[in-house]
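The numbers here are math on the coordinates, done by the rules we state, and not lab data. Everything numeric in this text was worked out from a predicted model, so none of it was measured. Because the Cβ atoms are built from the backbone with ideal geometry, glycine has one as well, and the counts that use them run over all protein chains shown.
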Amino acid sequence: MALGASLQKRWYGGGSPPLWTRPLEALYGRVVERRAKAFRDDPSQVVRLPVPVVVVGNLTVGGTGKTPLIVALARAMAVRGFRPGVVSRGYGGTERGPHLLTDEDDPARVGDEPSLIRQGGVPVAVGRDRPEAARLLIDAGCDLVLADDGLQHHRLGRDVEICVLDGERRLGNGRLLPAGPLREPASRLAAVDFVVVNGGMPKPGEIPMTLEGGMAVNMDDPTLIAPLSDFAGRPAHAVAGIGNPARFFTSLAAHGIAVDGHPFADHHAFTRDDFTFADGCPVLMTDKDAVKCRAFARANWWRVPVRANLPDAFYEAVAAKVRAATP
């Protein structure tokens with residue numbers, strides 16, 4: 001078992017973390033606290049933009065559902081009269097930025113998640129310097145910036161913080177990296193404006209979110225759309241290079257599909273050589289992975305889009321805070 005997989009099994013499956021992780025956890029905790037304190041003690045280091053900023057992030061490493069939430073939030077804010085844009089570091093891509101995405105940008109350059117968000121028609125800017133990238137959105141006419149995975153990026157000032165949790169795994173063993181999955185202490189949850197829980201059973205005060213799908217879109221001919229029930233009762237290869245591939249595999253199995261799961265590392269740069277399946281079975285993958293495979297997609301490859309479903313009251317509450325912060 002690879003080291004990463006072994007650690008994750010302990011983070012979420014019980015058992016004590018290895019002894020060697022404990023001094024590193026203490027060191028990591030000191031670094032995290034020192035960095036946060038530096039920004040608290042010297043607000044001049046924080047870059048405030050001339051428009052409201054909503055940060056969407058998480059406390060754990062790995063996927064929690066931030067990208068579907070960002071897309072849903074952008075649409076909901078647009079309906080409420082805002083012109084939102086998304087700023088991202090562009091993790092997984094080579095672009096250092098700042099760069100405003102176009103339809104022609106290669107996901108290998110700008111990152112898979114920014115490319116997926118841009119597919120929905122939302123303006124997206126990437127860059128290592130996120131405030132500078134966000135200014136490209138403002139210059140393009142955006143009056144609201146949504147910061148993807150920006151909870152720990154203290155340099156970018158924010159008006160609203162949203163933390164997304166995996167409802168099944170939540171905070172795992174509650175310990176900091178590498179003894180546990182936490183980027184920041186669990187106490188950080190008390191400081192955010194909203195805690196969104198993807199699946200599982202939300203606690204009082206948390207916002208429930210579900211991911212709705214059920215359809216597959218052919219990657220070679222996007223006019224072909226089929227319900228996942230069409231794949232039931234027969235084997236299919238399921239490919240996932242996301243933070244929690246098991247969630248995708250389980251969702252397909254719930255539709256009666258005999259899943260042959262192929263997990264890859266989050267943000268994996270797919271090539272043709274990753275698809276050496278010679279049995280003719282269909283290949284199903286997430287939207288996030290599909291954006292990187294369009295150039296060499298085959299006739300029996302399908303992407304499975306999902307949509308985040310949240311209470312309308314959540315969007316109204318976010319909009320109210322954004323209006324209150326609007327200059």
Practice task
Compute the length gained on full extension between GLU316 and ARG35: take 0.36 nm times their separation in residues and subtract their Cα-Cα distance, giving the result in nm to one decimal.
Solution key: 97.9 nm
Handout entry: Protection-proxy order for peptides 154-166, 204-216, 246-258, each taking the mean of Cβ atoms within 10 Å per residue, highest first
Key = 154-166, 246-258, 204-216
Exercise for the section: Using packing as a proxy for protection, rank 293-303, 59-69 so that the peptide with the highest average count of other Cβ atoms within 10 Å comes first. Expected result: 59-69, 293-303
Exercise for the section: Could you work out the relative contact order of the stretch 227-271, using alpha carbon pairs under 8 angstrom and six or more residues apart, expressed as a whole percent? Expected result: 49 percent
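Kindly provide the helix-only [θ] at 222 nm of the chain, computed as the sum of -39,500 (n - 2.57) over DSSP H runs of four or more divided by all residues, to the nearest 500 deg cm²/dmol?
Calculated mean residue ellipticity at 222 nm is -8500 deg cm²/dmol.
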Exercise for the section: Only residues of the stretch 152-192 count here: report those whose backbone N is under 14 Å from the spot 7 Å along Cα→Cβ of TYR91, or say none. Expected result: 152-154, 164-166, 177, 181-184
Practice task
Mind running the shape call on the stretch 214-305? Use the C-alpha gyration tensor, a ≥ b ≥ c as the square roots of the eigenvalues: rounded below 1.5 for a/c, prolate if a/b tops b/c, oblate otherwise.
Solution key: rounded
Practice task
Averaging sequence separations of C-alpha pairs under 8 Å and six or more residues apart, then dividing by the length of the chain, give the relative contact order as a whole percent.
Solution key: 21 percent
Exercise for the section: Multiply the residue gap between VAL46 and ASN300 by 0.36 nm, knock off their C-alpha separation, and tell me the result in nm, one decimal place. Expected result: 86.5 nm
Exercise for the section: With a/c under 1.5 counting as rounded, go ahead and sort the stretch 177-220 into rounded, prolate or oblate using the C-alpha gyration tensor (a ≥ b ≥ c being the square roots of the eigenvalues; past the cut-off, prolate if a/b is larger than b/c, else oblate). Expected result: oblate
Practice task
Lys and Arg at +1, Asp and Glu at -1: add these up for the other residues within a Cβ distance under 15 Å of GLY81 and post the number.
Solution key: +3
Practice task
Taking 7 Å along the Cα-to-C-beta vector as the label spot, tell me the PHE264-LYS9 distance in nanometres, rounded to one decimal.
Solution key: 2.4 nm
Exercise for the section: Please label the shape of the stretch 60-128 as rounded, prolate or oblate, based on the square roots a ≥ b ≥ c of the eigenvalues of the alpha-carbon gyration tensor (a/c under 1.5 means rounded; beyond that, a/b larger than b/c means prolate, else oblate). Expected result: oblate
Practice task
Would you mind counting up the charge near PRO23? Only other residues with Cβ under 14 Å from its Cβ, with Lys and Arg at +1 and Asp and Glu at -1.
Solution key: +2
Completion exercise
Dividing the mean separation of Cα pairs under 8 Å (6+ apart) by the residue count of the stretch 157-258 yields a relative contact order in percent of 18 percent
